[in-house]
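Note sheet for the following structure.
All of the numbers you see were taken from the coordinates with simple rules; none came from a lab. Model, not experiment: these values are computed from the prediction. Because the Cβ atoms are built from the backbone with ideal geometry, glycine has one as well, and the counts that use them run over all protein chains shown.
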């Protein structure tokens, strides 16, 4: 695996790939990799001749008081994990390479509608930062395929809308959530949990499973969500939101069948997110 730090070197390497007519898959990450990230690489490896991962801790998607400075930078370990997983190229630029001007002057991509509510309400500007860096990486790499995890469900919806609205000729693949044996969705932020908090954390997923069963059995939506919030509070969580949306994140209506439960909740100082798809009864 080659690690590239500068944009001209990236373009030169990808020009060679295109001359060979090989299919390119992109896996964007912020590093501090876990098995969920490596599942993205595996999915890419199955679908393309060349897999390129990126590691870039993107300052545009961190808000005031968030953990930009504390976010773990583990490049050497990440390089070893990516190489073992079958990655061909790693693009790991410095912030000044990606954003040579002050961030306040940076051109941004704004995706309306789908960014509203849920994590968009709790983290103003976050998805503008995500869509800007992803759009930039799409322009630099010009992949045939890009892989994103379904744990960040709203992010995946934002990227799908970005690709559709800006006519990027890129297939977007959502890769299922990878979970620990106790059900906790794998996340870089799990490392912030204390031992006591880590023991409580799986209750988030168990609560979603309980709510799914109730809703698929015909339970009233508002009553079920209120009960779910109460259970999370009782388990030590502070929910940011617990919502049921249509699969495309539109509001649920009487005609909705395919839906998704979405939750974000704080456990101590750590903000955890998760989701679970379900089928509502007729």
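Details
- For segment 188-279, the spherically averaged projection of the C-alpha convex hull amounts to 5.8 nm².
- Potential lengthening between residue 46 and residue 180 on full extension [0.36 nm per residue; Cα-Cα distance subtracted]: 45.9 nm
- Listed residues 54, 132, 256, most fluctuating in the chain (Gaussian network, C-alpha, under 10 Å): 256
- Rounded, prolate or oblate (a/c below 1.5 giving rounded, otherwise prolate when a/b exceeds b/c) for segment 1-130 by Cα gyration tensor: prolate
- Most mobile listed residue (85, 259, 250) in the chain, GNM with C-alpha springs under 10 Å: 250
- Computed from the C-beta positions of residue 194 and residue 2, the FRET efficiency with R₀ = 41 Å rounds to 0.60.
- Pairwise FRET efficiency - residue 220 versus residue 95, Cβ, R0 = 41 Å, nearest 0.05: 0.25
- Put in line by how crowded their Cβ is, counting other Cβ atoms within 10 Å and starting with the fewest, 187, 194 read 194, 187.
- Taking the Kirkwood radius as Rh and the Cα radius of gyration as Rg, the chain has a ratio of Rg/Rh equal to 0.97.
- Between 110, 50, 95, the Gaussian network model of the chain with springs among Cα atoms under 10 angstrom shows the greatest mean-square fluctuation at 95.
- For the pair residue 23 and residue 233, label points projected 7 Å from Cα toward Cβ lie 5.0 nm apart.
- Going by neighbour counts of Cβ atoms within 10 Å, the residues 7, 109 line up, fewest first, as 7, 109.
- The angle between the Cα long axis of helix 75-85 and the main principal axis of the chain comes to about 90°, on a 0 to 90 degree scale.
- MRE, 222 nm, helices only [DSSP H, n ≥ 4, -39500 (n - 2.57), over the chain, to nearest 500]: -11500 deg cm²/dmol
- Look at the alpha carbon pairs under 8 Å that are at least 6 residues apart: their mean separation over the length of segment 2-175 gives a relative contact order of 28 percent.
- 233, 37, 167 arranged by Cβ crowding within 10 Å, fewest neighbours leading: 167, 233, 37
- When only Cα pairs below 8 angstrom with a gap of at least 6 residues are kept, segment 188-279 shows a relative contact order of 29 percent.
- Against the compact-protein benchmark of 2.2 N^0.38 Å, the Cα-based radius of gyration of segment 81-169 scales to 1.18.
- Cα gyration tensor shape of segment 1-71, rounded if a/c is under 1.5, else prolate or oblate by comparing a/b with b/c: oblate
- Full-extension gain in nm, residue 15 to residue 246, via 0.36 nm per residue minus C-alpha separation: 79.1 nm
- Two-site FRET efficiency, residue 213 against residue 70, from Cβ-Cβ distance with R₀ of 41 Å, rounded to 0.05: 0.65
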